[in-house]
Structures are given as structure tokens and as C-alpha cells.
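Everything on this sheet refers to the single structure shown next.
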Amino acid sequence: MLESPQPISRERVALVIQYLGTHFHGWQRQPHHRSVQEEIEKAISTVLGEHVTLHGAGRTDSGVHAAAQVAHFDAVSKIPANKWATVLNGYLPKDIFIPASASVDNRWHARFSAVYRRYRYTLYTEKLPNLFASAFSWHYYHAPLDESLIQAALEPLIGRHHLAAFHRANSARKHSWVDVQAAECYRNGPFVYIEIQANGFLYGMVRLLVGMLIEVGSKQRTLANFTDIWQHQRREEVKYAAPAHGLCLLRVGYLDFPFPTEVWYDTQPKFIFG
């Protein structure tokens, strides 16, 4: 007597995703605009023959890059979870790449299981522009930048704070509390890097924060004034957001993550001098 074939169970698949944000209107699917989420969902749906929703760890703005965004989807398929990356890369445009995929527990969630997100902002400070750096850095040459002043401004931000001063309008989030876990600024030659890690980020937070940090680093604003503005939530004094193309979602951290560090931990190449 022939045995009945075993039913294929629904499996949760996690993805590590790289994308160049230049020609995307952000991560989140939206009408009439190209998004990273929609491109990957279309690729998955083409393979499966049905619509699948992709859940991301966070939403990046229009023009922002990602070195290791994380997302998951549920599927009933014979494709092994660790093969989905290869399969999907065959359907994706050239500005999206999935370096790895893996099976995760059905209770694991790309967004809600994350314990931190880390962003890196890159600035290029030489007077002449550099074509090779222009897509991934803010060409800031108007005044010398003192990275030690930026570092000093960042240090009081570490901890749990109400950061409404760096919260853009039109956000659905009901509060502005953020647990900032790490923040640093460092230089290599003409490149200045600002990295911020938190449990989550407010809508537009990093770009608004960097915009003010540049005023501190160029001595247009004092450390005391900068700190007073965010501690007293004076949003009306935060007027300028740094350009999107200098920002990259560097990584997302989890207590239980099935991927080796080389595919997600620090995969945005730096411009190194000296």
C-alpha cells in the first residue's frame, strides 16, 4: 500500500537584505512609488504563485541604504529555507541583494524580536567632491568638523530619553521615548562616521539628529545649547535633516539569530584612508 505524501507545513523564513536606497521611496510598500518591501514581495509571490506579506525589522526613509535589513515571511513551499536567498536573487533588481536566508521559529518576528537597530551616517569633508563617495555620504565641506565635539554631544544621549525634538511630524508612533544603547563619532581621513544604536528609532530621528550634530561639530551651535534643546523637547528649533543618501541601516540585533556574523554584522564597506 502506497503511503500518502506528507503535507508540507508552513515555515517562517528570515532574510538578511542589502539595498541601495537611491531609487527607492523607502522600505515600506506604498501606492505609486517603488519600495524595497514591494520588490521582494513580488519576487516571493512569483515563486509561490500567491501573495505573501514581508515583515521588516524597520522602515527606512526614501533614499536611505541598508547593509543588513532583516525581514521574514511565512510560506508553504518545498524550497529549503536556506535556499530562498539564492532563489529570490534571481528575481530581484540589481539594487537589492539577499546574502542569506534561514528558517526561524514561528514565534520569531523580524520587528518585535529585535533588541536593537544600528545606523551609520557617513560624511565626506574634502573641498572637492568625490564621485565614488557621493552616493553614500554627505559632502560637507562648508566648515571644518570637529569629531570630538560631536562625540561629546552624543554621550549624554545614551540611556532612555524622551527625544521628541528629533521626531518628525506625521508619525503614527504615540510617544518619543528611545533607549539609546550606543553612540559614537570617529574620523578616518576626510570621512567622518556617526553611529547610533537604539532599541528603536523615531520617524526621521537619525537625519534630524545628524543635522544638529553637524552644527555642533562646525561650532555653529554650542554643546550646552544642543543638549538643552533635546532635553526640553524644543522641536521647533530642529530645522534641518541631513541628506538621506549618507545614512545606512547598518544592522539589526537579536538574542536568537540564525545567521553568521559575516553576513550581517558590519557589511557596509568603509572608505579607509592611510
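The values are calculated or read from the model by the stated rules, or taken from the named source; none is laboratory data. Model, not experiment: these values are computed from the prediction. Positions of Cβ are backbone-derived with ideal geometry, glycine not excepted, and every protein chain shown enters the neighbour counts. These accessible areas exclude ligands, DNA and RNA; they are computed on the full protein's heavy atoms, side chains included. Shrake-Rupley method; radii C 1.70, N 1.55, O 1.52, S 1.80 Å.
Brief remarks on what is shown
- Seen from a random direction on average, the alpha-carbon convex hull of the chain projects onto 16.9 square nanometres.
- Probe 1.4 Å, accessible area per residue of segment 1-150, Å²: 54 Å²
- Anchor LYS127: lysines whose Cα lies under 21 Å away (excluding residues fewer than 8 positions away in-chain): LYS219, LYS270
- The tail of the calculated P(r) for segment 120-274 beyond 25 Å holds 30 percent of all Cα-Cα pairs.
- Cα-based reach from LYS174 at 17 Å (exclusive), listing lysines while leaving out same-chain residues under 8 positions away: none
- Amide H to amide H, with H built 1.01 Å from N, TYR254 comes under 5 Å of VAL115, counting only residues 5 or more places away or on other chains.
- Charge dipole magnitude, Cβ of K and R +1, D and E -1 - the chain, Cα centre, debye nearest 20: 440 debye
- When you filter the GluC sites (Glu not before Pro) in segment 11-89 for DSSP loop state and at most 12 other Cβ atoms inside 10 Å of their Cβ, you are left with GLU50.
- Think of the chain as a dipole: +1 on every Lys or Arg Cβ, -1 on every Asp or Glu Cβ, centred on the Cα centre; then among VAL47, LEU213, GLN151, LEU213 lies furthest on the positive end.
- Computed on segment 162-274, with alpha-carbon pairs under 8 angstrom and 6+ residues apart, the relative contact order is 29 percent.
- Normalised by the number of residues in the chain, the mean separation of alpha-carbon contacts (under 8 Å, six or more apart) gives a relative contact order of 23 percent.
- Accessible-area order (highest first, 1.4 angstrom probe) of the listed residues VAL76, VAL87, VAL52: VAL76, VAL87, VAL52
- ³J(HN,Hα) computed for each position of segment 121-132 - Karplus, 6.51 cos²θ - 1.76 cosθ + 1.60, integer Hz, glycine/proline x: 10, 10, 10, 10, 10, 5, 5, 7, x, 10, 4, 6
- Whole-percent carbon and sulfur share, accessible surface of segment 189-274, 1.4 Å: 53 percent
- Computed log₁₀ I(q)/I(0) - Debye formula, equal Cα scatterers, no solvent, segment 82-150, q 0.12, 0.26 Å⁻¹: -0.64, -1.17
- Whole-number D in µm² s⁻¹ for segment 76-209, Kirkwood Cα-pair radius fed into Stokes-Einstein, 37 °C, 0.692 mPa s: 182 µm²/s
- A convex hull fitted to the Cα coordinates of segment 164-238 yields 97 cubic angstrom per residue.
- Model label points for LYS219 and ASN130, set 7 angstrom from Cα along the Cα-to-Cβ axis, are 2.5 nm apart.
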